[in-house]
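Read the structure below first, then the notes.
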Amino acid sequence: TRSIPFIIPPKFHGRDWINLTNGEQVQEDSEPYVTPESGPRSSFHSLAGAYVVGSINPELYKFSEDSSETDFPECNIGRLWFSVGYEQEAERLLVSLIKARKLQPPPDSCSHFVKIFLLPDERRYLQSKTKRKTLNPQFDENFVFQVSSRTLYQRTLKFLVYHVDKQKKHHLLGQVIFPLKNEILTGDSKLVIWRDLETENLEPPSEYGDIQFSLSYNEYLGRLTVVVLRAKGLKFQDERHAASVYIKVSLMNHNKFIKCKKTTAVLGSPNPVYNETFSFKADQTQLDTASLSLSVLQNAEGDKTHLLGRVVVGPFMYTRGKELEHWNEMINKPKELVKRWHALCRNT
C-alpha cells in the first residue's frame with residue numbers, strides 16, 4: 001500500500017541569545033539541525049516543507065483604522081456616536097447613546113451629560129448619566145421612545161450635550177439633529193451613526209422666524225445646490241388644526257421664474273427640521289442675474305396655503321446685508337457648502 005508522506009517541521013538547535021539595547025532578546029541564527037525524514041519523497045513534500053507549523057502572517061490580522069476616531073475638522077467641538085432601531089410590533093424606537101469624543105468645553109469643566117428629544121415634542125426628553133472628569137465620555141446607555149409607525153418618519157431625534165461647571169451649573173455645549181425620514185430602521189440590526197456637534201443658534205427668533213440653509217456652486221458642472229436644513233420660531237397663522245409646514249425653493253433669473261422645488265411637509269412643530277438637498281442648473285454667467293427665493297408655507301384647509309415668511313438670496317441687483325454676503329461667500333468658496341441663518345420677512 002502506498003504510504004502518505006508525513007512532514008516533520010524543522011527543529012532548531014544551537015541558537016545563542018543576544019541582548020538588544022531595548023532590553024529584548026532574540027535568537028542568533030545558526031545552522032539548523034533538521035530531523036531526518038523517513039518515508040518516500042513526493043512532489044507534495046517540496047510544497048509542504050515550505051511552511052513551518054505555527055507561523056503567523058501579521059498582515060492577516062490587521063484591523064482597518066476607524067477614521068471617525070481620528071479625522072476631526074478644524075473648529076470641531078466634539079463628536080457623538082449613537083445607534084437607532086425600531087421594533088415594528090411594539091412600536092418602540094430604540095436609541096443607544098454610545099460615546100462622545102474630543103469634547104471642547106471651557107477649561108473649568110470636564111463633566112458631561114446628554115438630553116435626547118424626539119421632535120416635534122420639545123417638552124419631554126430622556127437624559128443620560130453624567131460622566132465626570134473626561135472629555136471622551138463612554139455612555140453605553142439605551143433609551144426607548146414610544147412612537148407609532150405612521151408618524152415615525154416625520155420625527156427627528158435631537159441630542160443636546162451639556163457640560164457641568166465647578167458650581168454644578170449646566171451649560172449647553174452643542175447639539176446633533178437627526179431626522180428619521182430618510183433612514184431604514186426596521187430589521188434586526190441597529191443603525192450606528194456618528195455626527196459632529198453643532199453650536200445651537202442661541203439668538204432669539206426674529207419676528208416671523210428664521211430659516212437655516214446651505215449654498216454651494218460647482219462651476220464645472222454649472223450646478224447650484226441648496227440644502228434646506230431647518231427653521232425656528234415660526235408663527236402659525238391658523239391654529240385651529242395641526243400646522244403642516246413646507247419650504248418652496250425657487251430659482252429666478254431677471255425676476256423670471258425658472259424652476260421651483262419643495263421639501264416634504266413637517267407636521268406640528270414651529271421648529272421643523274428638513275435636511276433636504278436640491279440642485280438647479282445655472283451657468284456661471286447667470287450668477288449676476290439669478291436669485292433664490294425660499295418661502296415657508298403652511299398648509300391650510302382645502303388647497304390653500306399661508307405664507308409664513310420668505311428669504312431671497314442673490315447678487316447686489318436683488319439683495320443686501322446677510323443675504324448678499326451669503327451669495328458672495330458661495331461664489332468665493334466654490335464646491336463648499338456655506339451655511340447660514342436668515343430672518344424671514346413677509347414683504348420680500
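Data table
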item: Fraction of accessible area attributable to carbon and sulfur, segment 287-337 (%, probe 1.4 Å); result: 49
item: Sequence-distant lysines (8 or more away, or on other chains) whose Cα lies within less than 23 Å of LYS115; result: LYS99, LYS102, LYS129, LYS131, LYS133, LYS158, LYS166, LYS168, LYS169, LYS181, LYS190, LYS232
item: Label point distance in nm, LYS115-ARG223, each placed 7 Å from Cα along Cα→Cβ; result: 3.9
item: Potential extension, GLU183-ASN253 segment - 0.36 nm per residue separation minus Cα distance; result: 21.6 nm
item: R0 of 56 Å, Cβ-Cβ distance ASP140-ASP283: FRET efficiency to nearest 0.05; result: 0.60
item: Label-to-label distance, nm, for residues given as LEU337 and CYS260 (7 Å Cα→Cβ offset); result: 2.5
item: Förster radius 25 Å - calculated FRET efficiency between GLU87 and VAL192, Cβ distance, rounded to 0.05; result: 0.90
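The values are calculated or read from the model by the stated rules, or taken from the named source; none is laboratory data. In this text, all values refer to a predicted model and were calculated from it rather than measured experimentally. We place every Cβ from the backbone using ideal geometry, glycine too, and count neighbours over all the protein chains shown. With ligands, DNA and RNA removed, areas are computed over all heavy atoms of the protein, side chains included. Shrake-Rupley method; radii C 1.70, N 1.55, O 1.52, S 1.80 Å.
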